[in-house]
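Laboratory data are not the source of any read-out in this text; all were calculated from the coordinates shown. Keep in mind the model is a prediction, meaning the values are calculated, not measured. Ideal geometry is used to build each Cβ from the backbone, glycine not excepted, and the neighbour counts take in all protein chains shown.
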Amino acid sequence: MFEPLSKIPGGMRYYFGAEARLRRAVENAVMSVFDGWSYEEIATPSVDYYALFERGMGHAEAHRAFRFTDTDGRMLALRPDVTSSVARAAATLFAERTRPLRFCYAASVFRQLPRTHAEWRRQSRQLGCELIGAGSGEADMEVLAMAVEVLERLGLAGVYRITLNCVGVFNGVAEQLALDGAARERMRQLIDTRDAAELERFIEGCASANTTDGLAARLTRLTGKRETLEEARALMTSARSAAALDALEKLWGVIESLGLSEAFEIDLADVSGLDYYTGLVFKIYVAGAGARVGGGGRYDELTANFGRREPAVGFVLDLDALTDLLARGNNFEPDGVPQLQAAMVEGSSEAGAFQDARRRRARGEKIRLGTRAE
Amino acid sequence: MLTIALAKGRMQDAALGLLKRAGIRVSDEALASRRLAIEDESGRYRFIFVKPADVPVYVEHGIADCGVVGRDVLLEAGADLLQPLDLGINRCRIAVAALSEARKNDSGMLHVATKYPRVAAAHFGARGVPVEIIELSGSVELAPVLGLADCIVDLVETGRTLKENGLAVVETITESTGRLVVNRASYQLKAAEVSELIEKLSKAVAEERAKA
């Protein structure tokens with residue numbers, strides 16, 4: 001079939017003009033916050049072995065990558081994620097370094113298959129950070145505090161919300177109901193979509209249903225502030241859930257004392273990405289964006305894939321989603337050098353014009369040469 | 001203000017009835033007008049009327065915070081949405097139907113005509129039956145009659161249309177009712193308004209159920 005060369009592949013786009021400048025400014029602002037917390041920038045390979053991502057992200061997510069083969073027949077992928085690669089580096093390149101390691105990055109990731117209809121982009125730029133080798137609640141709070149600073153720095157104070165959960169809460173419930181793998185995944189989906197009606201039918205069909213009166217209806221609604229934890233404690237009997245709720249309560253205490261409880265919400269029904277995360281999970285929403293603009297959590301099992309098991313926590317922000325959002329509002333005032341008006345530089349002789357141009361540039365002026373268009 | 005996308009057509013009246021019972025009223029003048037976006041009497045809700053298949057699209061993109069649409073449409077769309085409430089309206093089922101006097105098909109391949117290609121493919125796929133899905137946009141019942149397909153996968157309410165065309169339900173794939181769907185971001189960012197709506201509607205649903 002004849003395809004005009006002017007056609008752009010689905011999910012790809014250009015950035016230019018004000019939007020490109022804004023996107024650059026947002027990236028710089030976020031990276032400078034990461035730098036302010038002593039996160040060291042790391043650039044990872046754009047192309048890597050598919051097996052790395054399959055191990056790092058799980059099959060279902062890695063499967064979405066653009067894949068192709070290397071000259072020796074091994075499968076490569078255009079990176080669909082940065083974290084896998086950072087985790088490998090931590091276990092290998094940085095094996096000898098003192099812990100904790102702090103890394104940040106701004107990198108484009110590529111996904112051939114979209115996860116949802118609304119997610120049309122196949123290339124998106126991730127701004128992310130990873131704190132590796134620290135497993136405490138303090139480490140969790142460190143990345144949350146950075147996320148808060150980033151959002152405030154982008155002029156989004158008051159219009160963002162970060163939801164918190166801990167995977168142990170759900171895993172404990174699955175234990176409590178003695179679910180096998182398939183049933184666990186089915187229940188996870190139903191809670192994730194808050195489908196109380198189907199969940200009720202599902203739990204009725206479980207063998208141990210008699211012990212869980214009222215659990216179904218309320219599992220999908222466990223969203224709110226501190227009181228949510230109390231409500232959950234009354235419903236959940238397993239030690240695993242209880243430990244997870246304790247961890248969340250401790251974290252919530254710190255959030256309250258920082259005066260940030262308005263910006264945060266406990267959402268025990270947020271159970272996406274459970275196979276990847278091992279502790280805290282969080283998602284970042286901003287008013288005006290129809291989907292989340294970022295998220296993260298604790299992934300203590302990831303580095304074990306590369307021969308060294310150690311705790312890790314981190315998050316990513318979607319630069320393209322943030323740019324879209326900020327381009328529509330005008331909350332964000334990038335600081336630094338103001339946009340200078342360009343001085344036209346023309347000269348009688350070519351050399352004269354360039355002499356003048358170089359002089360002005362050396363003074364830091366913004367210039368535009370009077371080059372004639374054809 | 002919450003923006004709610006309502007599926008035009010069969011579900012619209014039932015949805016508006018349920019909303020009215022929940023204390024959310026849309027004036028008759030507003031309904032009679034040809035405007036596609038109207039507000040309720042309190043001015044706290046804005047309704048947009050769109051084709052059923054477009055409800056998940058508007059809600060997934062966050063243009064509408066919530067929507068009312070059939071489970072059949074949601075299964076087919078595969079949209080990433082929250083569906084916190086079964087509204088119990090427009091109860092029907094997605095079923096496989098074939099000619100009552102089935103013709104023998106020896107080709108080792110089942111030809112299925114449907115408006116629900118995803119649902120049909122998933123259903124037969126789970127059983128390892130090789131199928132050719134023939135996507136149609138209406139009058140699906142004609143396909144087996146005219147020999148385009150061996151069977152159909154379609155929405156069945158009373159079964160009358162099937163019967164009149166000499167078809168009978170072979171098996172039910174799943175039940176479908178109207179659902180309240182919510183955008184993931186709105187669910188967090190407009191948590192108070194959304195949970196108030198869910199609360200009001202679930203009361204209305206319980207009342208309807210008690211009445212029936």
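With a requirement of 3 or more residues that are surrounded by 14 or more Cβ atoms within 10 Å (Cβ to Cβ), the helices (runs of 4 or more DSSP H) lying completely within the range A:9-73 that satisfy it span A:17-36, A:50-57. Within the range A:345-374, the residues that satisfy the criterion of being assigned to a strand (DSSP E or B) and under 43 Å from the mean Cα position of the chain (by Cα) are A:ILE367, A:ARG368, A:LEU369.
Look at the range A:164-208 and say how many of its residues are part of a loop (DSSP other than H, G, I, E, B) and closer than 24 Å to B:VAL182 by Cβ.
So the answer is 3.
Residues considered: A:GLU54, A:GLU96. Of these, the only one that is in contact with a strand residue (DSSP E or B) (Cβ under 9 Å, 6 or more places away or on another chain), free of Cβ contacts under 8 Å to residues at least 12 places away in the same chain and within 18 Å of A:ASN305 (Cα to Cα) is A:GLU54.
The condition of being out of contact with any Lys or Arg (no Cβ under 6 Å at 6 or more places or on another chain) and crowded, with 20+ Cβ neighbours inside 10 Å holds for only one of A:THR83, A:THR116, that being A:THR83. Residues in the range A:139-154 that are of a type in the set (Lys, Arg) and not in a helix (DSSP H, G or I): there are none. Among the residues of the range B:23-52, those that are in contact with a Ser or Thr (Cβ under 9 Å, 6 or more places away or on another chain) and either of a type outside the set (Asp, Glu) or in a helix (DSSP H, G or I) (or both) comprise B:GLY23, B:ILE24, B:ARG25, B:ALA37, B:ILE38, B:TYR45, B:ARG46, B:PHE47, B:ILE48. Scanning the range B:109-144 for residues that are among the β-branched types (Val, Ile, Thr) and in contact (Cβ under 8 Å) with a residue 40 or more places away in the chain gives B:VAL112, B:THR114, B:VAL119. The single condition from (1) closer than 24 Å to A:ALA263 by Cβ; (2) out of contact with any Ser or Thr (no Cβ under 9 Å at 6 or more places or on another chain); (3) more than 14 Å from chain B (Cβ to nearest Cβ) that A:ALA232 fails is (2).
For the range B:42-68, the tally of residues that are in contact with a Leu (Cβ under 8 Å, 6 or more places away or on another chain) and more than 9 Å from chain A (Cβ to nearest Cβ) stands at 12. Restricted to the range B:152-199, and to residues that are touching a residue at least 40 places away in the same chain (Cβ under 8 Å) and of a type in the set (Asp, Glu), which residue is nearest to the other protein chains (Cβ to nearest Cβ)? Taking the candidates together, the pick is B:GLU175.
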